[in-house]
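The structure appears right after this line, and notes come after that.
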Amino acid sequence: MAKSSSNSKGPDPILLTLFANRFMSVAEAMGRSLQQTAISTNIKERLDFSCALFAPDGDLVANAPFIPIHLGSMSFAVKYQMQLHKGNIKPGDVFMTNSPHAGGSHLPDITIISPVFDAGSNEIIFFTASRGHHADIGGILPGSMPPTSTNIFEEGAHIVSFKIVREGIFDKEGLYDYMVKKPAEYPGSSGCRNIRDVESDLKAQIAANYKGVQLIQAIVDDYGLETVQEYMFHIRANAESSVRNLLKDVAKRAGSNVLEAIDYLDDGSPIQLRVEINEAEGSAEFDFKGTGCEVRGNLNAPISVVHSAVIYCMRAMLDLDIPLNAGCLVPLTIHIPQESLLSPSKTAAVCGGNVLTSQRIVDVVLKAFHACAASQGCTNNLTFGAGGKDKDGNNVSGWGYYETIAGGSGAGPGWHGTSGVHTHITNTRIGDVELLERRYPVLLHRFGLREGSAGTGRWRGGEGAVREFEFTEALQVSILSERRTRQPYGLEGGGPGALGRNTWVKQAREADGDLPEDSANKPQPLQPRKINIGGKATVFMGKGDRLLIETPGAGAWGVAEDEQKEDEADHSHVKAWAARGSFAEREAAQAGF
């Protein structure tokens, strides 16, 4: 990669800004292409995907504001494929991977990687990559996010490396083998339940990558490869310098070079962090020594997820408009203890680590830096679906639905938390009610803010959300959530947010013996039962049953001066309701014609 020479006067600030925006625009265009050509609700409507541009050494160069947990870890995936296929990457090749030990996050997140070749030298000058969460890739339960998984084979298709396109030829047979046949070989598991949708979305990812290839080659044609790669280096150096200045400022304000924090998962597993800052250099060592051992369940987080959480926190604390890129990690050394839940064994279950443990890592980092109170610390992962295997063990087609549900964001010194939003590592939407009810056997009874769930203090935390479903046919329903036993903390005397809660409203049925005691003498209507199913559960719900999900609120910052002022606190941060979602956007676009 070309770098500026030592006698250079430094980057032109105008060109630096221009290239930063040009690189980001490549990722944005890739994202628009993916959304427009995908077919699944998960990618097209919920926007659970990310696109980014990578240097020839695999480092992240630039991205658009997609999913933070994807963006920090995709570099690991690109570098793994580079090393694995070194000397055997040709024009027209496209790689597919989802293994947590090959830079993946959890198995439903499938990464597609495309090399960009220089037309003259035929050398790799960039990589484009996209990662999308696919609603079902097999495993023991529809939706491929089983709350009860204890090893990775129960979570669906596990792909270390697959050339889905080899020199321009799409390998459909190989895809079917990886996605349908191999996952079904594990006892109790199914192959992908809707391979047609998955194949369509993977082709959309391939097309999005190709869009990025075309755009970056156009930039090279405009400015020349040497200039483009020089400013790629300058952009990373700018991010590195920004993080070094942040670390120096933190040490100065804290009056100490050592920052410490600890928090716990709902099962009691600790996540412990010690940050030691070298104020002179503006560097820091992040040491997770003291973190709990690998867990039997699925809250183990691959090391790529840990790095994603850290790089997200550093970028979030920067009050600068710069692209998130590999430069943010250069001043940091991250130590992760082996055999801990943040560096699990190769067969450990991980589907919850990407979406739940990552949130707790963010809470711990921000707590150590004393940046803000805890947000909801969860993504409230709901899956339901049908199909997989019949009574004879044969594969049958089916479907799965997946969504994450919003909660409260933490307050900080000078601002209230925000209510009913996706926080930190996720940045997805939630499915439109119209699409949800039209495509799936479900009715949505309630979706709104959960009053009284926010932490109270000088600066209030955000409220959680309430989402209540009724299922119009019998379905397997699963919830994977956290902050059901440990409240999101407040800081500087601020109160904690409320715990989350998942309640099964089970319709009484005579077949289940749900008869009133005096029903033999006087017929009475059968009354539904409310059952707390806990934070992680899978339940076969009957027709008419409901699931009520109450998500956690967030912590507050500071002690309220008095109850009167707390009651009259400024809530101008709460925005008026506005129509959102694909239908609202489409209507607004049509009105503009």
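The values are calculated or read from the model by the stated rules, or taken from the named source; none is laboratory data. Treat the numbers as computed from the prediction; the structure is a model and nothing was measured. A quick note on method: Cβ atoms are made from the backbone with ideal geometry, for glycine too, and the neighbour counts reach across all protein chains shown. Quick note on the areas: whole protein, heavy atoms, side chains included, nothing else; ligands and nucleic acids left out. Shrake-Rupley method; radii C 1.70, N 1.55, O 1.52, S 1.80 Å.
Which of the residues that make up the range 57-69 are farther than 9 Å from Asn427 by Cβ and not β-branched (Val, Ile, Thr)?
Hits for the range 57-69 are Asp57, Gly58, Asp59, Leu60, Ala62, Asn63, Ala64.
Are any residues in the range 43-72 more than 23 Å from Phe117 (Cβ to Cβ) and part of a loop (DSSP other than H, G, I, E, B), and if so, which ones?
Glu45, Arg46, Leu47, Asp48, Ala64, Pro65, Phe66, Ile67 - these are the residues of the range 43-72 that are more than 23 Å from Phe117 (Cβ to Cβ) and part of a loop (DSSP other than H, G, I, E, B).
Among the candidates Ser75, Ser25, which residue alone is of a type in the set (S, T, N, Q), crowded, with 19+ Cβ neighbours inside 10 Å and either out of contact with any Lys or Arg (no Cβ under 9 Å at 6 or more places or on another chain) or assigned to a loop (DSSP other than H, G, I, E, B) (or both)?
On the way: Ser25 fails: crowded, with 19+ Cβ neighbours inside 10 Å.
Exactly one of Ser75, Ser25 is of a type in the set (S, T, N, Q), crowded, with 19+ Cβ neighbours inside 10 Å and either out of contact with any Lys or Arg (no Cβ under 9 Å at 6 or more places or on another chain) or assigned to a loop (DSSP other than H, G, I, E, B) (or both), namely Ser75.
Only one of these is farther than 24 Å from Phe66 by Cα and either modelled with pLDDT of 95 or more or outside the structural domain of Asn380 (by the TED database) (or both): Ser308, Ser283, Ser304. Name it.
Answer to the selection: Ser283.
Scan Gly92, Gly103, Gly72 and give me the residue that is farther than 30 Å from Asp321 by Cβ and not aromatic (Phe, Trp, Tyr).
Values: Gly103 fails: farther than 30 Å from Asp321 by Cβ; Gly72 fails: farther than 30 Å from Asp321 by Cβ.
When all the criteria are applied, what remains is Gly92.
Which residue, of Ser33, Ser40, Ser50, is at pLDDT 95 or above and not hydrophobic (A, V, I, L, M, F, W, C)?
Values: Ser40 fails: at pLDDT 95 or above; Ser50 fails: at pLDDT 95 or above.
From the options Ser33, Ser40, Ser50, the qualifying one is Ser33.
Looking at (1) of a type outside the set (A, V, I, L, M); (2) more than 16 Å from Pro552 (Cα to Cα); (3) open to solvent by 60 Å² or more (accessible area, probe 1.4 Å); (4) touching a Gly at 6+ places or on another chain (Cβ under 7 Å), find the lone condition where Thr456 falls short.
(2)
Go through the range 94-124 and give me each residue that's closer than 20 Å to Val61 by Cβ and either acidic (Asp, Glu) or not assigned by the TED database to the domain that holds His134 (or both).
Scanning the range 94-124 gives Asp118, Glu123.
Where in the range 321-437 are there strands (runs of 3 or more DSSP E), lying wholly inside it, with at least 3 residues that are farther than 30 Å from Ser242 by Cβ and under 18 Å from the mean Cα position of the chain (by Cα)? Steps first, please.
Working: elements: 332-335, 381-389, 395-403.
Because the criterion is at least 3 residues that are farther than 30 Å from Ser242 by Cβ and under 18 Å from the mean Cα position of the chain (by Cα), the strands (runs of 3 or more DSSP E) in the range 321-437 that meet it are 381-389, 395-403.
Quick test of your reading of the structure: Gly290 fulfils all but one of (1) open to solvent by 30 Å² or more (accessible area, probe 1.4 Å); (2) under 24 Å from Phe23 (Cα atoms). Name the failing condition by number.
Tallying (1) open to solvent by 30 Å² or more (accessible area, probe 1.4 Å); (2) under 24 Å from Phe23 (Cα atoms), Gly290 fails exactly one: (2).
Is it true that Asn532 is in the same structural domain as Val421 (by the TED database), surrounded by fewer than 14 Cβ atoms within 10 Å (Cβ to Cβ) and at pLDDT 95 or above? Give the derivation first.
Details: in the same structural domain as Val421 (by the TED database): yes; surrounded by fewer than 14 Cβ atoms within 10 Å (Cβ to Cβ): yes; at pLDDT 95 or above: yes.
Taking the combined requirement at face value, the residue satisfies it.
Conditions tested, residue by residue: (1) in contact with a strand residue (DSSP E or B) (Cβ under 6 Å, 6 or more places away or on another chain); (2) of a type outside the set (D, E, K, R); (3) surrounded by fewer than 18 Cβ atoms within 10 Å (Cβ to Cβ); (4) at pLDDT 95 or above.
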| residue | (1), (2), (3), (4) |
| --- | --- |
| Tyr210 | no, yes, yes, yes |
| Gln229 | no, yes, no, no |
| Met232 | yes, yes, no, no |
| Ser242 | no, yes, no, no |
| Val258 | yes, yes, yes, yes |
| Leu265 | no, yes, no, yes |
| Ser269 | no, yes, no, yes |
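For the range 141-149, does any single residue satisfy the condition of being assigned to a strand (DSSP E or B) and either crowded, with 24+ Cβ neighbours inside 10 Å or touching a strand residue (DSSP E or B) at 6+ places or on another chain (Cβ under 9 Å) (or both)?
The first filter runs over the range 141-149 and keeps only residues assigned to a strand (DSSP E or B), leaving none.
No, every residue in the range 141-149 fails to be assigned to a strand (DSSP E or B) and either crowded, with 24+ Cβ neighbours inside 10 Å or touching a strand residue (DSSP E or B) at 6+ places or on another chain (Cβ under 9 Å) (or both).
Going by the conditions given, is Glu279 touching a residue at least 24 places away in the same chain (Cβ under 8 Å), of a type in the set (Asp, Glu) and in contact with a strand residue (DSSP E or B) (Cβ under 8 Å, 6 or more places away or on another chain)?
Numbers: touching a residue at least 24 places away in the same chain (Cβ under 8 Å): yes; of a type in the set (Asp, Glu): yes; in contact with a strand residue (DSSP E or B) (Cβ under 8 Å, 6 or more places away or on another chain): no.
Answer is no for this residue.
Tell me which of these Leu84 doesn't satisfy, since it passes every other one: (1) open to solvent by 10 Å² or more (accessible area, probe 1.4 Å); (2) touching a strand residue (DSSP E or B) at 6+ places or on another chain (Cβ under 6 Å); (3) more than 30 Å from Thr227 (Cβ to Cβ).
The one condition Leu84 does not meet is (2).
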